[in-house]
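Below: one structure, written as structure tokens.
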Amino acid sequence: MKLSALCLLGVLAAGIAPAQAQQISEPEVTRIISTLAADSMQGRMTYTPGIEKASVFIAEEFRKAGLEPLPGEKDFLQRFITSGRKVLPLDSASAVAEPKHLHNLAGMIKGSSKPDEYVIFSAHYDHIGIQKAEEGDSIANGADDDASGVTAVILLANYFREHAPERSVIFAAFTAEEIGGFGSRYFSRQLDPAKIVAMFNIEMIGKESKFGRNSAFITGFERSDFGKILQANLEGSSFRFYPDPYPEQRLFYRSDNATLARLGVPAHTISTTQIDKDTLYHSVNDEVESLDMKNIADIIEAIAVSSGSIVGGKDAPTRIAPENKD
């Protein structure tokens with residue numbers, strides 16, 4: 001299918017089309033989020049059996065989507081170690097005291113005409129684990145934060161398997177975002193940032209944004225023309241991307257986009273969280289029942305369509321001014 005036809009179909013689906021045009025399945029959204037946010041995952045705390053169980057599930061979803069491992073990797077597990085706050089390659093384990101082993105999950109679809117240029121879709125799969133019990137519940141399930149984002153990454157992998165990209169597309173689920181962004185810090189060192197055209201980091205899309213349905217916001221909107229490109233690709237639909245309405249929260253630096261953004265990559269987070277009044281954030285009440293599955297499906301559809309000209313090799317967002325930070 002030509003990109004123009006793909007974009008047209010998706011634009012019709014993003015807010016103004018009959019339900020049958022929707023390519024992101026609401027039942028699939030529900031299945032994936034419900035699995036990742038199940039009590040059996042124990043809140044997906046880093047370094048726990050719960051997050052390992054989530055990892056196995058994500059790897060199987062990547063396999064079913066037909067992804068291949070990143071160059072140099074034997075499978076979807078991108079392994080590394082931490083020592084205190086240091087993030088180190090796996091082969092450093094014998095040189096540090098008490099190394100702790102971690103892994104991201106990452107797979108890719110090679111681009112047909114621009115395989116050495118990369119577009120990244122990402123989210124973090126860890127959460128905060130077991131907390132003080134409230135009404136007998138002590139599991140912080142992390143349905144919105146960030147099972148919703150990981151669900152988007154998995155379904156986008158399926159979407160782009162059906163619509164072959166021109167640029168190579170990487171789908172990543174990062175570990176340890178909640179305790180220091182260790183996963184994205186390691187990931188950012190494995191690729192030449194000059195070859196990364198854009199990063200779509202997806203964080204907390206489980207509820208309506210302050211702008212209502214068919215909307216989301218982009219952190220660091222003013223730092224590149226990433227958001228303008230996405231909106232142009234949705235011309236004719238009712239979906240809108242807005243600048244981050246919570247600048248005082250410094251959300252641009254509080255998610256996994258930050259490390260690559262500091263290296264100059266147009267790396268932005270897409271979100272709907274009303275962070276200033278979300279009483280379920282980092283609580284045991286961030287449950288599947290609190291989410292709007294139809295709205296999530298619509299947002300994922302809009303991300304898929306709005307990324308079309310970037311994944312398709314036509315557009316490249318302007319670079320972000322680099323910083324000398326890790």
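For V56 and E162, the FRET efficiency from 1/(1 + (r/R0)^6), where r spans their Cβ atoms and R0 equals 22 Å, is about 0.35. For the cross-link pairs K277/K314; K132/K207; K74/K294, the ones whose C-alpha atoms lie over 32 Å apart are K277/K314; K74/K294. Please give, to one decimal in nm, the separation of the simple spin-label points placed at F211 and K228, each 7 Å out from Cα toward the Cβ. Taking the simple label geometry, F211 and K228 are separated by 1.6 nm.
What number, in percent, do you get for the relative contact order of region 220-286 if the mean sequence gap of Cα pairs under 8 Å and at least 6 apart is divided by its residue count?
Values: 37 pairs, mean separation 19.1, N = 67.
Worked out over region 220-286, it gives 29 percent.
Under 8 Å for C-alpha pairs, at least 6 residues apart: give me the relative contact order for region 3-311, rounded to a whole percent. This gives 25 percent for region 3-311. Largest first and in whole Å, the equivalent-ellipsoid semi-axes of region 175-299 read 24, 20, 12, each the square root of five times a Cα gyration tensor eigenvalue. Relative to one another, the C-alpha centroids of region 64-96 and region 249-326 are positioned 23 Å apart.
May I ask for the Kirkwood hydrodynamic radius of the chain, worked out over all distinct Cα pairs and given in angstroms to one decimal?
On the way: mean 1/r = 0.0513 Å⁻¹.
It works out to 19.5 Å.
Which whole-number percentage describes the relative contact order of region 106-176, with Cα contacts under 8 Å and a sequence gap of 6 or more? Intermediate results must be reported in sequence, preceding the final value.
On the way: 120 pairs, mean separation 41.3, N = 71.
Reported as a whole number, the value is 58 percent.
Region 202-217 and region 26-51 have Cα centres lying 21 Å from one another.
Output the antiparallel fraction of DSSP beta bridges having both residues in the chain, as a percent to the nearest 5. Intermediate values should be presented prior to the final figure.
On the way: 22 of 44 bridges.
Of those bridges, close to 50 percent are antiparallel.
Excluding same-chain neighbours fewer than eight residues apart, the aspartates and glutamates reachable from K114 by a Cα-Cα span under 20 Å are E68, E162, E166, D192, D315.
We did not get these values from a lab; they are worked out from the coordinates using the rules stated. Every value quoted in this text rests on a predicted model; they were computed, and no experiment measured them. Neighbour counts run over all protein chains shown; Cβ positions are idealised from the backbone, glycine included.
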